[in-house]
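What follows is a single structure, written as structure tokens, with notes after it.
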Amino acid sequence: MEPTRAHCLKSHSMVLLVLVLVSPALAAPRPPHLGPIPPQHLRCEYLKNPRGMDVLRPRFAWWLSSPRRGESETAYQILVSTSREALARNRGDEWDSGKVTSSQSTQIVYAGRPLESGMTYFWKVRWWNGEGDASPYSEPARFEMGLLHRDEWHGEWIGGANLLRKPFALPGMVRRARVYVAALGYYQLRLNGRRIGHNVLDPAWTTYPKRVLYRTYDVTHALRDGHNVIGVMLGGGWATQTAGGIPGYYTAPALLLQMNITLTDGREIGIASDASWQMHSGPILRDSVYNGEIYDARLEQPGWDRPGFDASGWQPARRMAGSAGKLSAEMMPPIRVVDTLVPRGMSNPRPGVYVYDFGQNISGWARLRVRGPRGTRVEMRYAELVYPDGTIDRENLRGAKARDVYILKGQGLETFQPQFTYHGFQYVELTGYPGTPGLDTLRARVVHTAVSPAGNFVASNPLLNQIQRLIHWSQVSNLMSIPTDCDQRNERQGWMGDAQLSAEEAMMNFNMAAFYTNFIRDIRDAQKPNGEIPDTVPHKYGSYPADPAWGTAYPLLCWYMWQQYGDRRILRQNYAALQKYESYLESRAANNVLRYSYYGDWVAIAPTPGALVSDFYYEYDTRILASIARVLGHSADAETYSRLAGEIRTAFNGAFFNPKTGQYATGSQTADALALFLHLPPKGRGGQVMAHLTNDILYRHNTHLTTGIIGTKYLLPVLTEYGRNDLAYELATQTTYPSWGYMVRRGATTLWELWQDKTGPSMNSHDHIMFGSIGSWFYTALGGIRLAPGSQGYRRIVFQPQIVENLRWVSATLDTVRGVVSCSWKHEPGRIEIRVEVPVNAGASVVVPQEEQMTRVVIRESGRVVWEDGHFVPSDPGVLTGKREGDGYEFTVASGSYDFQLTGE
Ligand code: BGC
């Protein structure tokens, strides 16, 4: 049903009220027809044209755009076919959804014939708007299934050496060929002398004994009629890496490979890893995630991955025990080299020692160009820091050797970059270089999971932009198939605390849905039968069971997936396991208080009892489980968990609230902020707690925070919610210790592990994402983009920018599952302007604040008056209602772009 609009015209003192029933189509010139959805706006399982999926009922999504306000989808039709030609004739021979009356444009579940292993499917979609106009079909998009059954893998796990090869002959031309590769460790795939694909450090790190991921490559054009050679280089990666005192999963890497070839005459040929492959130790003498790579170019085997190579010095490949775990498709963006940095400068602090500064702390490695005598050994050591004398400071790397060594073959210009390691660094020390290196000797290769950016935040205060930049770099450098704590020292683990604290920020800044879908499954894989989950996933460091503030990553990530992406499936898939986790917490609680804790408000300045932090998350997890139960329609469970949450809340107050002073426990900022965040204070006492909190910030700490990683995530949102956004802003832009600005002032290019610029060894990473949790506050408070209460996937949005006196303007944009959501504002005395963008199928309210004591307020939208003389003026298409709300004015709007301007005296 389209809403009708009332048009109100006003002239001089005479008010002429004309009610006209019109459709919003009159708002803008009505296009002759709706355009097709462009292919880049189509998604299958959150990915563009995914290859090698093992989800049997994949979900489709599309972005709709329209120049008109109030546009909505009222129906859609999806066609899925095994051939492009059939699809072009509008035949959905696998699935024709028919015209489905619905306003859904995401999470549409495939409901056609069973999808088959290895098949490619083409799909397209069209939609109908409120007037019943149909769009043409979109251009076709594609998705391809992986190997769905274990018995389609005919090979065996093999290994024994870094190089593996298999020559084979094809009796004809190739119509289609796919390679499926799984490895315990890392691999590089080669065919006939060419590297296949651009992925590095593949596959993702999983709990290998339970699950190994495989990728699918289209190698149709790399094969030829006649002789071919497939080659694989293997590295140990996390399969062999000792970490946290725990040995690697395996002592050597292993490969499982399946190649399925269809010739033009229809014959099918399979090539699989087995003992008929050949192996050679090759040039990589040593490779380790922490310690780097030693590569002796004299041991290269030129031509080993091409036909005609003399492999007489090679051995038969060794059969390996491999993993008995499940083989699953790797359905998230791969790790890639995403950028190459030129050094900002170089110095020569000691004879023969050259230090390159790349100006940015990154994850990745260096690429070396060198000419020199055979056998020359060139070493590159990586560091985040330098000493005042310009030499590199590697104290904070702890046991990680973080160095790559290249031994020259002595044949003209040689280039080298490691393949099976990565480092966290800004500086590279080069030694052993034959002659004098130049600025072009080294380049830095930026390497991480290639998630695409989804958010943009810019403000008129450059410090905020610098912090945003630090968040961006710390976030991506800690995406290495799993979310890691750091990227440089002998750790780099999937610490769940770090993961949960950064997840909201990450989901706003990047397209994280596929990444977290994978990680959530990793968490489930790590769960013990009694419900326990570990501190790190996959588990190496830390404990089983997790500290509750770390274990909370499981319910929280699932919940954020629902909120940000509207992903109901992930709630359903994890519900039983989440219940088990909840039961485990219950079993550890006494009188409804969960006290066990290892880390508490980690790296805090003022102490907070660990028990309070654990108990806070116990309440939070229980409440979230109640919400999940509600979404899934398990209303009895929802009630049980809600009731339990209430009991925990009472017990929390009994255990930690001091009714005399109105503070929680030690009265630390974290203690008070956590309680306020979940609205835990007893009735009528919230104001007192808030006063205690603000006094602590202002008077005891001279407008500084004292929070660790846990408190920091909630402190600013709490201040904003309880009316002290001004104070939140002051903390966000503070430049003395402890603050983000302090890090920026001290030259940080990524966020530190500690508020202190400590230079001792042990815990002193300069690239941790934990304090990056402020990133979501940038979008929600300063940018003003929030989900409406109870909404998900940006279906209903509240734009409520917190306009700060010292900030002239902010611009925030999010690529959501429904399309672009943006809010930007600027203000000057007597005037506030807010522009918002609401995607098709979404609706929003826009809260326009006013300056204190402003009178004669007039609000215009795109030049038309919508508020005057204390009343909503309903004249504007798309602006549905308007009313006073608190200190501001709240308008509800339909989809489209709006430009509100408030003026007053
Ligand atoms: C990691 C943290 C992690 C913590 C657990 C540290 O070693 O680097 O980020 O969350 O241990 O307290």
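Things to note:
- Pairs linking a residue in segment 700-717 that is within 18 Å of T780 (Cβ to Cβ) to a residue that is aromatic (F, W, Y) and within 16 Å of the ligand (Cβ to nearest atom), with Cβ atoms under 6 Å and 6 or more positions apart or on different chains, are T712/F771.
- Filtering segment 669-693 to residues that are buried (at least 17 other Cβ atoms within 10 Å of the Cβ) and among the polar types (S, T, N, Q) leaves Q669, T670.
- Residues that are more than 23 Å from A459 (Cβ to Cβ) and open to solvent by 20 Å² or more (accessible area, probe 1.4 Å) were ranked within segment 761-790; the one that is nearest to the ligand (Cβ to nearest atom) is M763.
- Residue match in segment 813-833 (condition: crowded, with 24+ Cβ neighbours inside 10 Å, in a strand (DSSP E or B) and hydroxyl-bearing (S, T, Y)): yes
- Residue list for segment 374-413, filter: assigned to a strand (DSSP E or B) and crowded, with 19+ Cβ neighbours inside 10 Å: V378, M380, R381, Y382, A383, L385, I392, R403, D404, V405, Y406, I407
- Number of the condition not met by S102 [criteria: (1) among the hydroxyl-bearing types (S, T, Y); (2) over 24 Å from Y794 (Cα atoms); (3) under 30 Å from the mean Cα position of the chain (by Cα)]: (2)
- All conditions in (1) at pLDDT 95 or above; (2) more than 14 Å from H704 (Cα to Cα) hold for D757, with the sole exception of (1).
- If you filter segment 895-905 down to residues that are open to solvent by 20 Å² or more (accessible area, probe 1.4 Å) and modelled with pLDDT of 95 or more, you find that the one that is nearest to S72 (Cα to Cα) is S897.
- Exactly one residue out of P136, P140 is touching a helix residue (DSSP H, G or I) at 6+ places or on another chain (Cβ under 8 Å) and in contact (Cβ under 8 Å) with a residue 24 or more places away in the chain: that is P140.
- Selected residue (criterion: farthest from the ligand (Cβ to nearest atom)) from residues of segment 510-552 that are open to solvent by 10 Å² or more (accessible area, probe 1.4 Å) and of a type in the set (S, T, Y): T517
- A single entry from Y618, Y560 fulfils the requirement of being closer than 19 Å to Q500 by Cα, touching an Asp or Glu at 6+ places or on another chain (Cβ under 8 Å) and not in a loop (DSSP other than H, G, I, E, B): Y560.
- All conditions in (1) on the phi > 0 side of the Ramachandran plot; (2) open to solvent by 10 Å² or more (accessible area, probe 1.4 Å); (3) in contact with a strand residue (DSSP E or B) (Cβ under 8 Å, 6 or more places away or on another chain) hold for G435, with the sole exception of (3).
- Selection within segment 848-880 - open to solvent by less than 50 Å² (accessible area, probe 1.4 Å) and within 39 Å of the chain's Cα centre (by Cα): V848, P849, Q850, I859, E861, D876, P877, G878, V879
- Within segment 493-506, the set of residues being of a type outside the set (G, A, S), out of contact with any Asp or Glu (no Cβ under 7 Å at 6 or more places or on another chain) and open to solvent by less than 10 Å² (accessible area, probe 1.4 Å) comprises Q500, L501, E505.
- Residue in segment 559-567 that is more than 21 Å from L674 (Cβ to Cβ), open to solvent by 10 Å² or more (accessible area, probe 1.4 Å) and among the acidic types (D, E) present: no
- Within segment 39-92, the set of residues being of a type in the set (S, T, N, Q) and on the phi > 0 side of the Ramachandran plot comprises N49, N90.
- Checking A454 against (1) open to solvent by less than 10 Å² (accessible area, probe 1.4 Å); (2) more than 23 Å from T750 (Cβ to Cβ); (3) of a type in the set (A, V, I, L, M, F, W, C), the condition it does not meet: (2)
- Where a residue in segment 752-781 is farther than 24 Å from M480 by Cα and its partner, wherever it lies, is in a loop (DSSP other than H, G, I, E, B) and away from the ligand (no atom under 16 Å from the Cβ), with Cβ under 6 Å and at least six apart: W755/P738; D757/R746; A781/Q802
- Criterion violated by G266 - all others in (1) surrounded by fewer than 17 Cβ atoms within 10 Å (Cβ to Cβ); (2) in a strand (DSSP E or B) satisfied: (2)
- Single residue of segment 712-760 satisfying the filter (of a type in the set (A, V, I, L, M, F, W, C) and under 26 Å from P681 (Cβ atoms)) that is nearest to the ligand (Cβ to nearest atom): L715
- Test: residue in segment 580-600 that is within 16 Å of the ligand (Cβ to nearest atom) and either at positive phi or touching a His at 6+ places or on another chain (Cβ under 8 Å) (or both): yes
- For segment 535-549, filtering for residues that are in a loop (DSSP other than H, G, I, E, B), under 19 Å from I710 (Cβ atoms) and within 21 Å of the chain's Cα centre (by Cα) leaves 2.
- Wholly within segment 1-107, strands (runs of 3 or more DSSP E) carrying at least 3 residues that are farther than 20 Å from S895 by Cα and modelled with pLDDT under 95: 8-11, 14-17
- Within segment 61-102, being open to solvent by 20 Å² or more (accessible area, probe 1.4 Å), touching a helix residue (DSSP H, G or I) at 6+ places or on another chain (Cβ under 8 Å) and within 26 Å of A514 (Cα to Cα) holds for W63, S65.
- Filtered by the rule that a residue be hydrophobic (A, V, I, L, M, F, W, C) and either out of contact with any Phe, Trp or Tyr (no Cβ under 7 Å at 6 or more places or on another chain) or open to solvent by 40 Å² or more (accessible area, probe 1.4 Å) (or both), segment 317-357 gives M320, A321, A324, M331, I335, V337, V338, V342, M346, V353.
- Complete set of residues in segment 173-192 that are open to solvent by 10 Å² or more (accessible area, probe 1.4 Å) and touching a Ser or Thr at 6+ places or on another chain (Cβ under 8 Å): M173, V174, R175, R176, R178
- Only listed residue being touching a strand residue (DSSP E or B) at 6+ places or on another chain (Cβ under 6 Å) and open to solvent by 10 Å² or more (accessible area, probe 1.4 Å), chosen from T666, T749, T736: T749
- Within segment 477-493, tally of residues that are near the ligand (Cβ under 10 Å from one of its atoms) and either in contact with a Lys or Arg (Cβ under 9 Å, 6 or more places away or on another chain) or at pLDDT below 95 (or both): 7
The values are calculated or read from the model by the stated rules, or taken from the named source; none is laboratory data. Everything numeric in this text was worked out from a predicted model, so none of it was measured. Backbone-built Cβ (ideal geometry, glycine too); neighbour counts: all protein chains shown. Surface areas here come from the heavy atoms of the whole protein model, side chains and all, with no ligands, DNA or RNA. Shrake-Rupley method; radii C 1.70, N 1.55, O 1.52, S 1.80 Å.
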